[in-house]
Amino acid sequence: MRTLILLAMLLVPAVTFAGPLADAIDQDEANLYFSFETREGVWGNGDNVSIHLGDDREFHRGSRGWRGRDMTEGPAHVWIRLRDGRLRDMDVEVGGDPRVRSSTTDVGAIDPAEVREEMLRIAETSTDSDADEAIFCALITDGFDEWERVLAIARDDDRPDDVRESAIFWLGQEASAVA
């Protein structure tokens, strides 16, 4: 029986995305912008993000006070800077009007499943500490349910500390909501 399962696993090709985001991220040098639909309960105003975690718990992040400011549910806006084939910077905002940045390639609106896959791939493979933002980006995608992969990132000693800490933080936030 084990032999049949192993044989079936070898014969079934792995699912990979070859969409516009995957192509854009595989460049050596690029300034990229894309957007995607967030999961329910993710709100923002361009400066701040609020995530409803269940019950009466919420997570807030941002540089300016969020109370009293207009918050909208999605979409997310992402800017990525790649240099020498490495992730050098990633900014994720939710809601608001995306700020136009010069010398940026607009990849467009991306399917949340492709965003999720590419961001988790970055978090699983990148040696850059900015890859911690990739976990946040993945987990706010519509339809996110990849907690096993986030747990594997948290346990992976080869991941940068910032990336592992981000994975542990989000596992704690979501696990406490479920518990």
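The values are calculated or read from the model by the stated rules, or taken from the named source; none is laboratory data. What you are looking at is a predicted structure, and each value in this text was computed from that prediction instead of being measured. Every residue, glycine as well, gets a Cβ built from its backbone with ideal geometry; the counts of neighbours run over all protein chains shown. Note: accessible area is taken over every heavy atom of the protein model, side chains too, but ligands, DNA and RNA are not part of it. Shrake-Rupley method; radii C 1.70, N 1.55, O 1.52, S 1.80 Å.
Residue by residue through the range 149-174, note down the ones that are open to solvent by 60 Å² or more (accessible area, probe 1.4 Å) and either closer than 18 Å to residue 39 by Cα or aromatic (Phe, Trp, Tyr) (or both).
169
Anything in the range 86-123 that is over 15 Å from the mean Cα position of the chain (by Cα) and either part of a strand (DSSP E or B) or without any contact (Cβ under 8 Å) to a residue 12 or more places away in the chain (or both)? List them, or say none.
Passing the criteria: 86, 88, 100, 102, 105, 106, 107, 108.
Considering only residues that are surrounded by 13 or more Cβ atoms within 10 Å (Cβ to Cβ), at positive phi and modelled with pLDDT of 85 or more, which ones fall in the range 74-116?
95
Any chance the range 130-137 includes a residue that's over 17 Å from residue 80 (Cα atoms), open to solvent by less than 10 Å² (accessible area, probe 1.4 Å), of a type outside the set (D, E, K, R) and assigned to a helix (DSSP H, G or I)?
No: zero hits.
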